[in-house]
Amino acid sequence: MSTDYDFDVAIIGAGPAGTSAALTLAKGGKEVVLVERGQYPGAKNVSGGALYGPVINELIPNYWEEEGFERFLTTKKISLLSDNKAVTIDINNQNFKEPPYNGVTVTRPKFDRWLAKKAEEAGAMILLDTVVEDFVWEGDQILGIKSGDDIIKSKLTIIAEGSSALLTEKAGLAKFPKPEHYAVALKETYELPSDVIESRYGLEKNEGFSNEMIGYAEGIPGGGFFYTNRDTLSFGLILNLKKLTKKKLKSTDVFEQFKTHPYIQKLIQDAKMIEYSSHTIPEGGFKHISKLYGNGVLVAGEAAGMLLNAGLYIEGMNFALEAGKIAGEAAIEILKMGDFSSNGTKIYENKLKKSFVYKDLKTFKRAAKFLDTDRIFTKYPDLITGLMEKLLINTGKPRKRIVKTAVGYVLKTMNILSLIKDAIGGWRSI
Ligand SMILES: Cc1cc2nc3c(=O)[nH]c(=O)nc-3n(C[C@H](O)[C@H](O)[C@H](O)COP(=O)(O)OP(=O)(O)OC[C@H]3O[C@@H](n4cnc5c(N)ncnc54)[C@H](O)[C@@H]3O)c2cc1C
């Protein structure tokens, strides 16, 4: 095979991982092509939409002055739901109101397009409506990508195809999680004028909140999410696939049932649903990170299993952005060295191991197993909402001391051994 390359680097997928890699490489003066199967970046992407601020600010300084964003997040709410009750922890922090902002909401069609435009302005070529089907192989060396009869030859290829990981598998790098470590996410987008969003949820202009919800999902591990955008709302439910199958439940039925909860009804009332989508998410965590490099190839983002679900944190987009940036930086070094075998591409793994992406996945490596415990999604929401009812209800009779009522209620409702087991599990994993 001739070694006339079309590009230094070909990147598969214009999600956060691929575009971040393309931007980094283009800024570094490299010839890079970003290939996306959608008609535009973000067309095929489903996401709740809470993005932490620092990584994007490193990629695009003062990013908030631009158009890719919805609202900055000052409030995070975590709600436990049971039959007709809800208990919500409302964490409001005015420090998060200052640039570079701790978190912002994004809608993927807008955010992905904006980021891709930045990569294009930096010099990356973007090829849309093109499905990469295979690689150009020379022995066990990857020398580019194939789409139908079209071939693009490149010294290096970065796979950033998201959770399907089909090409990651073709490259011999995939480490697929077990079925219990896949979730299905259902998402709806609702339209609501921005002034109504602000008055209804008590927000200032451009300010937003996120609300994660546990419980009231037929006992399936997972949880709901709700984010305020400029003039839309992102609302959805993430459900463990194995438990759904085991209970012979349809995700759409569980979602419809979830939506009947009075707490949720109030969140979405009078808003008009304008979009519905669903997607799978790998939640295996650290143990299921794929092999990150091979001969002529690197893999970044969700394609490599880089998604953290540790209950309080659900992070995928900022992991993808950071991993893509590191893949881009590693590619620049590899191109300089000229060693495209796995001996050379290993640099990427070394770099990634020093990043928060790898370190956080390692810190929370037991979280996936702990969050697979049904009790967390059934017993505890019932326990907390029931306990609060018990403590607050007025029966017209003398009250007992709060601690006595609480301990009595917990002991009556929960198996003490399970409680101890979960406390130890929680301590060790999250
Ligand atoms: C419902 C839902 C809610 C979520 N909420 C959040 C959240 O609030 N915060 C957060 O940080 N993360 C969230 N995530 C996770 C987050 O969306 C992902 O972790 C993140 O998008 C991963 O980025 P990526 O670039 O690796 O992959 P993706 O965003 O999936 O991008 C991959 C791209 O590759 C393209 N592609 C795939 N195959 C090919 C091919 N063969 N040829 C050409 N192009 C191809 C796709 O079209 C896509 O554009 C959520 C996910 C879901 C499903």
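Here, each number is a calculation from the coordinates, and none is a lab measurement. Keep in mind it's a predicted model, so treat the numbers as computed, not measured. Cβ coordinates were reconstructed from backbone atoms using ideal geometry, including for glycine residues, and neighbour counts include every protein chain displayed.
How do the peptides 240-247, 192-199 rank, highest first, by the average count of neighbouring beta carbon atoms within 10 Å per residue?
Details: 240-247: 16.9, 192-199: 14.9.
Averaged packing, sorted descending, gives the order 240-247, 192-199.
By counting other Cβ atoms within 10 Å of each Cβ, how are Met317, Met388 ranked from fewest to most?
Numbers: Met317 28, Met388 16.
Neighbour counts put them in this order, fewest first: Met388, Met317.
Restrict the search to the range 223-321; then list the GluC sites (Glu not before Pro) that DSSP places in a loop and that have at most 16 other Cβ atoms within 10 Å of their Cβ.
Details: sites: Glu256, Glu275, Glu283, Glu302, Glu315; in loops: Glu283.
When the GluC sites (Glu not before Pro) of the range 223-321 are filtered for loop state and at most 16 Cβ neighbours within 10 Å, nothing remains.
What is the chain's relative contact order, in percent, from Cα pairs under 8 angstrom and six or more apart in sequence? If you can, show how the numbers build up before the last one.
Details: 917 pairs, mean separation 87.4, N = 430.
Normalised by residue count, the contact order of the chain is 20 percent.
Given the options Leu186, Leu267, Leu237, state which has the largest fluctuation in a GNM of the chain using a 10 Å cut-off (strictly under) for Cα springs.
Of Leu186, Leu267, Leu237, the Gaussian network model singles out Leu267 as fluctuating most.
Excluding Glu121 itself, what net charge comes from residues whose Cβ is under 14 Å from its Cβ, given Lys and Arg +1 and Asp and Glu -1? All intermediate terms of the calculation are to be shown ahead of the outcome.
On the way: positive: Lys27, Arg113, Lys117, Lys118; negative: Glu66, Glu67, Glu120.
Once positives and negatives cancel, what remains is +1.
Among all the lysines, which ones have a C-alpha under 16 Å from Lys30's C-alpha, if same-chain residues fewer than 8 places away are not counted?
Once the sequence-local lysines are set aside, what remains near Lys30 is Lys118, Lys153, Lys155, Lys325, Lys336.
Filter the trypsin sites (Lys or Arg not before Pro) in the range 371-430 to those in DSSP coil with at most 12 other Cβ atoms within 10 Å of their Cβ, and list the result.
Details: sites: Arg375, Lys379, Lys390, Arg399, Lys400, Arg401, Lys404, Lys412, Lys421, Arg428; in loops: Arg399, Lys400, Arg401.
Answer in residue order: Arg399, Lys400, Arg401.
Quick one: net charge around Asn92, please, counting Lys, Arg +1 and Asp, Glu -1 for every other residue with C-beta under 13 Å from its C-beta.
Details: positive: Lys76, Lys77, Lys97; negative: Asp90, Glu204, Glu207.
Taking every Cβ under 13 Å from that of Asn92, the sum is 0.
Please compute the contact order of the range 180-282 in relative form: average sequence separation of alpha-carbon pairs under 8 Å and at least six residues apart, divided by the residue count, as a percent. Please report the intermediate quantities before stating the final value.
Details: 175 pairs, mean separation 45.5, N = 103.
Normalised by residue count, the contact order of the range 180-282 is 44 percent.
Among Thr88, Thr345, Thr378, which one shows the highest mean-square fluctuation when the chain is modelled as a Gaussian network with alpha-carbon springs under 10 Å?
Ranking Thr88, Thr345, Thr378 by mean-square fluctuation puts Thr88 first.
How far apart, in nanometres, would the label points at Trp64 and Ile151 be if each is projected 7 angstrom from Cα along the Cα-to-Cβ direction?
Between Trp64 and Ile151, the simple spin-label model gives 5.0 nm.
Which of the residue pairs Lys247/Lys412; Lys170/Lys291; Lys110/Lys359 have a Cα-Cα distance greater than 18 Å in the structure shown? Walk me through the numbers on the way to the answer.
Details: Lys247/Lys412 27 Å; Lys170/Lys291 12 Å; Lys110/Lys359 30 Å.
Among Lys247/Lys412; Lys170/Lys291; Lys110/Lys359, the Cα-Cα distance tops 18 Å for Lys247/Lys412; Lys110/Lys359.
Taking Cα atoms, how many degrees apart are the long axis of helix 317-337 and the longest axis of the chain, rounded to 10 and kept between 0 and 90?
20 degrees
How much length is gained if the chain between Lys259 and Tyr40 is pulled fully straight, taking 0.36 nm per residue apart and subtracting their Cα-Cα distance, in nm to one decimal? Display every interim value, and only then the final one.
Working: separation 219, 0.36 × 219 = 78.84 nm, distance 3.11 nm.
75.7 nm is the gain from fully extending Lys259 to Tyr40.
How high is the relative contact order of the range 217-277, in percent, counting Cα pairs under 8 Å that sit 6 or more residues apart?
Relative CO of the range 217-277 lands at 26 percent.
Once you compute Rg and the Kirkwood Rh from C-alpha atoms, what is the Rg to Rh ratio for the chain?
On the way: Rg = 23.1 Å, Rh = 22.8 Å.
Expressed as Rg/Rh, it is 1.01.
Return the single residue from Gly324, Gly219, Gly139 with maximal mean-square fluctuation; model: Gaussian network over the chain, springs between Cα atoms under 10 Å.
For the chain, modelled as a Gaussian network with Cα springs under 10 Å, the answer is Gly139.
Assigning unit charges at the beta carbon (Lys, Arg +1; Asp, Glu -1) and nothing else, what dipole magnitude in debye, to the nearest 20, does the range 353-427 show about its Cα centre?
Working: 17 positive and 6 negative charges, 70 e Å.
The dipole of the range 353-427 has a size of about 340 debye.
Go through the range 114-214 and name the trypsin sites (Lys or Arg not before Pro) that are in a DSSP coil and have 12 or fewer other Cβ atoms within 10 Å of their Cβ.
Values: sites: Lys117, Lys118, Lys146, Lys153, Lys155, Lys170, Lys175, Lys187, Arg200, Lys205; in loops: Lys175, Lys205.
Answer by residue number: Lys205.
Using only DSSP helix segments of four residues or longer, with each worth -39500 (n - 2.57), what per-residue ellipticity at 222 nm results for the chain after dividing by its residue count and rounding to 500?
Values: 17 runs with 157 residues, N = 430.
Value at 222 nm, helices only: -10500 deg cm²/dmol.
Please give the Cα centre distance for the range 15-34 versus the range 35-78, rounded to the nearest Å.
If we compute the Cα centre of each part, the gap is 17 Å.
If we count every other residue with Cβ under 10 angstrom of Phe319's Cβ, Lys/Arg +1 and Asp/Glu -1, where does the sum land? Could the numbers behind the result be given before it?
Details: positive: none; negative: Glu302, Glu315, Glu322, Asp360.
Neighbourhood net charge equals -4.
Mind listing the phi-derived Karplus ³J(HN,Hα) values for the range 262-279, rounded to whole Hz, using 6.51, -1.76 and 1.60 with θ = phi - 60°, and x for any glycine or proline?
After applying 6.51 cos²θ - 1.76 cosθ + 1.60, I find x, 4, 6, 3, 5, 5, 9, 4, 6, 8, 9, 6, 10, 7, 9, 8, 8, 7 Hz.
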